[in-house]
Amino acid sequence: MVFRVLIDTSVWLDILKDQRLDPVLTAIEELVSREEISLIVPDQVMFEFEKNMGRVRDSRKASLVSTAKRFREALSQISSGSDRDKAYEAVDAINHKLALSTDTSESIIQRIFTLMVEAPVIATTDTVKLRAADRSLARIAPCHQSKNSIADAIILETYLEALKANGGPDKRFVLVTSNTTDFSTPIGNKKLPHPDLETYFPDPKSAYATQIADVIREIDGDSLDEFKLGDEFLEEPRTLSELLQAENLLYRQVWYNRHHNLRHRVSIGETKVVDEIDLSKRSTQSLISRDIWASALAAAKRTEDEVGVENLGPWNDFEWGMINGKLSAIRWVLGAEWDFLDT
């Protein structure tokens, strides 16, 4: 049995908006790849999704950013400094995850577009346009409201045209929409179609649904449970505090190694410790003032005490390269340019 499923624009936008629906998108991709689902994608759905995807993507992030900002402002009222600092750290971690959410949304958009294009997209025929116009003029659902719903009518008529053309015994058709205002019965169970549309859904040949998850469970009852279980093992992005902590350790390891190189040059006389450096002279690279050298030795002792000598080398060439690479990568994530290894 192949399920021919038309997923309305409202459902695709719901998937983009709510990250809790990521397993649903994964399940759709899997069922399509197994040819258990064949998508019906009207050109109107593609057009509407492309038109609204930026707004939906940005509105979710903007709402969360606004909430985090208001919370941060409210923290100024907390009198306890330690409690306030902990709360600030939590808000910074949230903002860090919000910055990553944009990339995730772009990935979801590309996955949805891939499903649509591979379906493939069905052009709106003149017949569909005429029937949608007739439906709008007659004020028949989904055009029974005061607003202009002819686009919804085009989507419905495309579904009905596909049903008429491919309604063989080995196929079952499903129209899925979360736009219950235009498609569902105005009184009672919103999972039922509007009375004007009941005749188009003679179950089991053609079905009406308001939740894509319900359709997926009917096709493969275990698929969503499987993907939810898999999501438990997805790696969470590192928090901002974790990145800063790792960057600080790597910075001190690199600094300490460079300090020991300086110690070696001092011990063999390549770099001389002097009371004062005359900056007017051309070459001062082989000199270090006694005060700066004393500060460097003190900083090295603090590093040994705080980081632990066992975490400060020595390293072979491969290990040393890994440490520098990690520092460069974390600093890039935090906003610095690639290969920034200054200490």
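The values are calculated or read from the model by the stated rules, or taken from the named source; none is laboratory data. In this text the structure is predicted, and so the values were computed from the model without any measurement. Every residue, glycine as well, gets a Cβ built from its backbone with ideal geometry; the counts of neighbours run over all protein chains shown. Just so you know, the surface numbers come from the protein's heavy atoms only, side chains and all, with ligands and any DNA or RNA stripped out. Shrake-Rupley method; radii C 1.70, N 1.55, O 1.52, S 1.80 Å.
Assorted remarks:
- Computed with a 1.4 Å probe on the full set of protein chains, the accessible area for Leu249 sits at about 70 Å².
- Charge tally for Val254 (other residues, Cβ to Cβ under 13 Å; Lys, Arg +1; Asp, Glu -1): 0.
- Applying both filters, DSSP loop and at most 16 other Cβ atoms within 10 Å, to the GluC sites (Glu not before Pro) of the stretch 292-338 gives Glu337.
- Multiplying the residue separation of Ala299 and Asp58 by 0.36 nm and removing their Cα-Cα distance gives an extension gain of 82.1 nm.
- Between Met1 and Gln245, the C-beta separation translates, for a Förster distance of 51 Å, into a calculated FRET efficiency of about 0.40.
- Cβ-Cβ FRET estimate between Glu36 and Asn189, R0 fixed at 25 Å, reported to 0.05: 0.35
- Peptides 172-182, 111-121 ranked from most to least packed by the mean count of surrounding Cβ atoms within 10 Å: 172-182, 111-121.
- Summing Lys and Arg as +1 and Asp and Glu as -1 over all other residues whose Cβ lies under 9 Å from the Cβ of Arg131 gives a net charge of -1.
- Residues of the stretch 176-200 with amide N under 16 Å of the 7 Å Cα→Cβ point at Ser146: 182
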